[in-house]
Amino acid sequence: MRSWSIPVGRLFGVDVRVHFTFFVLPLFIFWTEYAAHQGSANGPRDLALVGIILACVAAHEAAHMLAARRFGLIPKAVILLPLTGVALYDESRIEKAPSAVEPWKRDIRLALVGPLISLALGFLSATAVTLSGHGAELWKWPFVQSAKLSCSLVWANFYIAIFNLMPAYPLDGGRVVRALFTRRLDLSSATRRAVSISNAIAMVLMLAGLFSDSWLTMVGVIVFSAAQLEERALVFQSVLDNVRLEEVMLTDFATLSPADTLEDALEKAVHSLQDDFPVVRGSDMVGVISKQRILDALRAEGNGYVQAVMNKIFEVSLRQDSLGSAFRKLTARNSSIIPVVEDQRLIGIVTLQNLMHSMALLAESRKLRRDEAES
Ligand SMILES: [Zn+2]
């Protein structure tokens, strides 16, 4: 899900990642500058310009995150694109406290705070540039260029503010549009409608760029990439919430007995695709153990019994529990297997391995079904 981006650090306790389009930007700047000055592009200054744009986007996103925090929303990661960012939320960490503000009003406020901060930073830096006596340079075209970095700082903030106000989801303007849709539609239909508007805008921009300024094409690509990121996160979330464990659990699996010796257990494990095993006495679940744990115990202490090294503290789920709840249990306990029980009886297992695999499959089949329904 996080493909096309790399981690660069943490900001206010949130993972910050940079999207691949950001690495296209230096090349793009270099190329347009090169074309503009007939071969006098300046590498270090071009990189500084990229740094300035990245900092302006980071400031814009930080404004969103700090505002979101006040509503109890904490993103788990934010992906920076050249003119915008996409925050990914971890639903399990959202406190569902009844808020005094209606969700759609909250979303509109959260969306608008970013462009407001960018505008404020733009005016602030414009004042600084004017006070330093370079006010006239502010109005020399092109506004953003590596030859005048302080003016670029001013205009980068203004461009970011204006760009993000476009009604193209997931840009802030598009978020306002989606918030208005959610007054009548559920969240996923509202998002889908906002994404289709966004894709249309991206298409127009990309085409327009071919016949005029190539920056428009770049902007179209950014809008399109951002919408793609959000849509994928949404499909993932709806799979987590709507799929029951009985749909994905493994019902054909190997178990171990607490009385098995570790060598016997390893022998069984070798002949199974499973990495994790439920330990069962009669029809009772008494523990879980992984192939790795068996190996480690054998290496450290030699042969012994499964009983002695199995993990006796484990969480169980019911067949109607959601995939999301199983996922949270797995990650919270840092375990890799969840037994699914019914009337104290083991009826299936969910492992991290099979969860990842089935989620990818389910997301794909849902997308296919939806595309069919729409066409
Ligand atoms: Zn924004």
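Where a number appears in this text, it was derived from the coordinates with a stated rule and is not lab data. None of the values given here were measured: they were computed from a predicted structure. No Cβ is skipped: glycine too gets one built from the backbone with ideal geometry, and neighbour counts run over all protein chains shown.
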Next on the checklist: Show me, for region 306-321, the HN-Hα J-couplings you get by feeding each phi into the Karplus relation (A = 6.51, B = -1.76, C = 1.60, θ = phi - 60°), rounded to Hz, glycine and proline as x.
Outcome noted: 3, 2, 6, 10, 5, 8, 8, 9, 8, 9, 10, 10, 9, 4, 8, 5
Next on the checklist: Going Cα to Cα from LYS268, which aspartates and glutamates come in below 17 Å? Please leave out same-chain ones fewer than 8 positions away.
Outcome noted: ASP252, ASP260, ASP276, ASP296
Checklist entry - Can you list the aspartates and glutamates whose alpha carbon sits under 20 Å from that of LYS76, skipping same-chain ones fewer than 8 residues off? => result ASP15, GLU61, ASP90, GLU91, GLU95, ASP107, ASP172, GLU230, GLU231, ASP241
Next on the checklist: Under the 0.36 nm per residue contour assumption, what length would be gained going from the current alpha-carbon distance of THR255 and ARG70 to full extension?
Outcome noted: 61.9 nm
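What does the charge count near TRP155 come to, summing +1 for each Lys or Arg and -1 for each Asp or Glu among other residues with Cβ under 14 Å from its Cβ?
Working: positive: LYS140, LYS148; negative: GLU137.
Net charge in that neighbourhood comes out at +1.
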Next on the checklist: Cβ neighbours within 10 Å, averaged per peptide: list 66-73, 136-143 in order, most packed at the top.
Outcome noted: 66-73, 136-143
Checklist outcome for this item: Which residues qualify? For VAL78, with a placed amide H closer than 5 Å and at least 5 residues away or on another chain, they are ASP15, VAL16, ARG17, LEU88
Item to check | Tensor-based shape of region 127-228 (alpha-carbon gyration tensor, a/c under 1.5 rounded, otherwise prolate or oblate) | outcome: oblate
Checklist entry - Can you give the helix-only mean residue ellipticity at 222 nm for the chain, where every DSSP H stretch with n ≥ 4 adds -39500 (n - 2.57) and the sum goes over all residues, rounded to the nearest 500 deg cm²/dmol? => result -19000 deg cm²/dmol
Item to check | Volume per residue of the C-alpha convex hull in region 66-185, rounded to whole Å³ | outcome: 118
Checklist entry - Over region 209-362, one equal point on each Cα, no solvent: what is log10 I(q)/I(0) by the Debye formula at q = 0.17, 0.19, 0.21 Å⁻¹? => result -0.94, -1.10, -1.26
Checklist entry - Around VAL286, which amide H atoms from residues at least 5 apart in sequence, or from another chain, sit under 5 Å from its own amide H, with H modelled in the peptide plane? => result VAL279, VAL280, ARG281
Checklist entry - Can you give the three extents of the C-alpha atoms in region 257-310 along their principal axes, from longest to shortest, in whole Å? => result 30, 23, 14
Checklist entry - How many percent of the alpha carbon pairs in the chain exceed a separation of 38 Å? => result 36
Item to check | Degrees separating the helix 172-181 axis from the principal Cα axis of the chain, which is the longest one | outcome: 60
Checklist entry - Taking one equal scatterer on every alpha-carbon of region 279-375, how large is log10 of I(q)/I(0) by Debye at q = 0.10, 0.13 1/Å? => result -0.37, -0.57
Item to check | FRET efficiency for LEU368 and ILE6, using Cβ-Cβ distance with R0 set to 30 Å, rounded to 0.05 | outcome: 0.55
Checklist entry - What are the ³J(HN,Hα) values, in whole Hz, obtained from phi via the Karplus relation 6.51 cos²θ - 1.76 cosθ + 1.60 with θ = phi - 60°, for each residue of region 65-74 in sequence order, with x given for Gly and Pro? => result 5, 5, 5, 4, 4, 5, 9, x, 9, 10
Checklist entry - In whole Hz, what ³J(HN,Hα) sequence does region 261-266 give by Karplus (6.51, -1.76, 1.60; θ = phi - 60°), x for Gly and Pro? => result 7, 4, 5, 5, 4, 5
Item to check | Environment charge of LEU81, counting only residues whose C-beta is closer than 11 Å and scoring Lys/Arg +1, Asp/Glu -1 | outcome: 0
